[in-house]
Structure formats: structure tokens, C-alpha cells
1. In the set 117, 134, 111, which member is over 27 Å from residue 62 (Cβ atoms), outside the structural domain of residue 212 (by TED's automatic domain parsing) and under 18 Å from the mean Cα position of the chain (by Cα)?
2. I'd like the full set of residues that are crowded, with 18+ Cβ neighbours inside 10 Å and either part of a strand (DSSP E or B) or at positive phi (or both), limited to segment 129-142.
3. With assigned to a strand (DSSP E or B), modelled with pLDDT under 85 and within 22 Å of residue 134 (Cβ to Cβ) as the only criterion, which of 273, 226, 321, 278 stands out?
4. Inside segment 41-66, can you point out the residues that are farther than 17 Å from residue 121 by Cβ and buried (at least 17 other Cβ atoms within 10 Å of the Cβ)?
5. Answer yes or no: is there a residue in segment 298-309 that is within 30 Å of residue 33 (Cβ to Cβ) and at pLDDT 75 or above.
6. Identify the residue in segment 143-187 that is surrounded by fewer than 12 Cβ atoms within 10 Å (Cβ to Cβ) and part of a loop (DSSP other than H, G, I, E, B) and, among all such residues, is nearest to the chain's Cα centre (by Cα).
7. So for segment 11-27 (the condition being part of a loop (DSSP other than H, G, I, E, B), free of Cβ contacts under 8 Å to residues at least 24 places away in the same chain and loosely packed, with under 14 Cβ neighbours inside 10 Å), does at least one residue qualify?
8. Name every residue in segment 4-31 that is in contact with a helix residue (DSSP H, G or I) (Cβ under 9 Å, 6 or more places away or on another chain) and modelled with pLDDT under 80, in order of residue number.
């Protein structure tokens, strides 16, 4: 913290103490001097997270920030607190990352995208994210069917034209299944083929989808263990934020109440913070954090998905996340 104070002094000179006092007053005395210093430093871009390399990670490291290319995303599994998912991040060395209870945050991330992740901790050879922030830095190119040559991989977006029946067969004494469908990118159609997959069973004709890491083989698009099929959400509603409040419920869990277009919706803490590009800070309550940002949030255009009264997807400007 002494280092941050020195940076503030370098920027504001003799006014640094007044700035700190003003920040504490702005937050109605709810934050410590140390937190005020941190917030001022962050607002003036004086705080820069160390970006760790995968080769530098050691057991017990916390508050880890990393950047890299997503190379593999595995199916989700259920836990008591929600669906979790493992993926791999490549920054020159491949690192396994476990995303706890927020698996759907990866639905907006494609294999090949470059992302920045924050708030990780390293344990038993893997990077774990329990209070995650995932930001897409660069998107992998989306291609058209006619751009793929034999033996090359690509990411494509389009529509299911004809979902074919699964074909079951026995090989070497074990039952297997072939999954297939006709896919259109709006210009051409192609048959998509996978084996033993569970990410195509729920698809229907007309569904918009994204295919990650499809392999062009013998005039068909083949899906292997590095491939993924994601149904795209086209039912997002549009509106403007009219109010936003954060509270702890009787169960001890926090959630947001967000007013949009005259209606009030509930939203999970991690969904809102991640969509706004915020993270939890020691010494500052989430309510205090939102108070700092409220002027920026109110009136902001937003796209959102809902189930009943709960917001399940949010898009603020460039940020886009789901849960």
C-alpha cells in the first residue's frame, strides 16, 4: 500500500491526502484509508495486475491474473453450488483452469479466443477460479464453409438445417453412437459428424449454433475431442438500466435487484460484476463498489436474457457473459 501511496503522491503532489479524504467522504466513511488509496490508484490507472505466465505458477499462489489462448473446453459437471467446467489456457505453456460453479460463463468464449482471467489461485497443478473474471481480449476468426480446406480446422456460426437421428453401432464389443446434422452458414451447407457427443442431442432444426474447432474431412465437418458445439442465444431483450441495488438475502447469499424498462429483475452477484468488468476488493463492500459506479450504470443500454424474474445473461457495451 505504501507503493500505491507513493504513486498517488507522484501524481497529485500535496493534494494526495485531500484526494484520499475526499474518497472516504464520498463513500460515506464506509471504507478504510487503505481502500481509498487503492480505489484512487485504480481510477487513475496506477494499479496494474501482474500477468503471470503458466510456467511461473506455484502451489499456493493467489490473486492470479493470466492471459492466453483457449485451446480446449470440456463438458460441464454439476456441483452443489452450480455447474463447473475445466478448460485449457495456452500462453506458451498449457495450463489447466477449473471454473467453479460458473460454467456457462464460457458459453460466450470460443476455442481459439484469447482471454484474460483474474482472481485465480493455483492448487494441485491447476489454476482455480471461484470468483472469476473472464475478459475476451481477441476473438478467434469465424470462417465460412468455403474457406475451409481439407485437413484444416475452423470456427463457424450458422444454423441447424436438419438434425439427423443418432446412429448406434457396436465396435470392438462396445456400443458407440454417431451424431450428425446438416449445417448452414447462410451461404453453403455441410454435414457435421461427431461420435459420442452430448452437445448436439438437444439441438433442433433452426437452432443458431457456433461450432468450435471443426475439421474439414472428406467434404464433411468432423468434431473431435477438441471441438465444441454451442447453441447461441438470439432471444436477448434490449433496454436501459433504471436502478441497481445489491443486498444480502436471508440465506446469506448476495444478489442484485436491477430495474430495466419499468420492471425489476434479480441477478446473481458474479454475473453482474463480471459483465461490468468489476471484481471484489478487500475492504470495500459490493454495495460500496456499485455506489462508485452507479452514475455510469444508470441509463446504460443493456441486452439481457431472463428466466421468470431472474436475469440469466447480460451484455453491457463490450462485455458479454451468461450464467
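The values are calculated or read from the model by the stated rules, or taken from the named source; none is laboratory data. Here the structure is a predicted model, which means the values were calculated and not measured. Cβ atoms come from the backbone with ideal geometry, glycine included; neighbour counts cover every protein chain shown.
1. On the way: 117 fails: over 27 Å from residue 62 (Cβ atoms); 134 fails: over 27 Å from residue 62 (Cβ atoms).
Unique residue meeting the criteria: 111.
2. Selection gives 129, 132, 133, 134, 136.
3. From the options 273, 226, 321, 278, the qualifying one is 321.
4. Across segment 41-66, the qualifying residues are 41, 46.
5. The initial filter retains those residues of segment 298-309 that are within 30 Å of residue 33 (Cβ to Cβ), namely 298.
When the remaining residues are screened for being at pLDDT 75 or above, the result is 298.
Looking through segment 298-309, at least one residue is within 30 Å of residue 33 (Cβ to Cβ) and at pLDDT 75 or above.
6. The selected residue is 186.
7. Residues of segment 11-27 part of a loop (DSSP other than H, G, I, E, B): 27.
From the residues that got through so far, the ones that are free of Cβ contacts under 8 Å to residues at least 24 places away in the same chain too are none.
No, there is no match, as no residue in segment 11-27 is part of a loop (DSSP other than H, G, I, E, B), free of Cβ contacts under 8 Å to residues at least 24 places away in the same chain and loosely packed, with under 14 Cβ neighbours inside 10 Å.
8. Once the filter is applied, which keeps residues that are in contact with a helix residue (DSSP H, G or I) (Cβ under 9 Å, 6 or more places away or on another chain) and modelled with pLDDT under 80, segment 4-31 yields 26, 27, 28, 30, 31.
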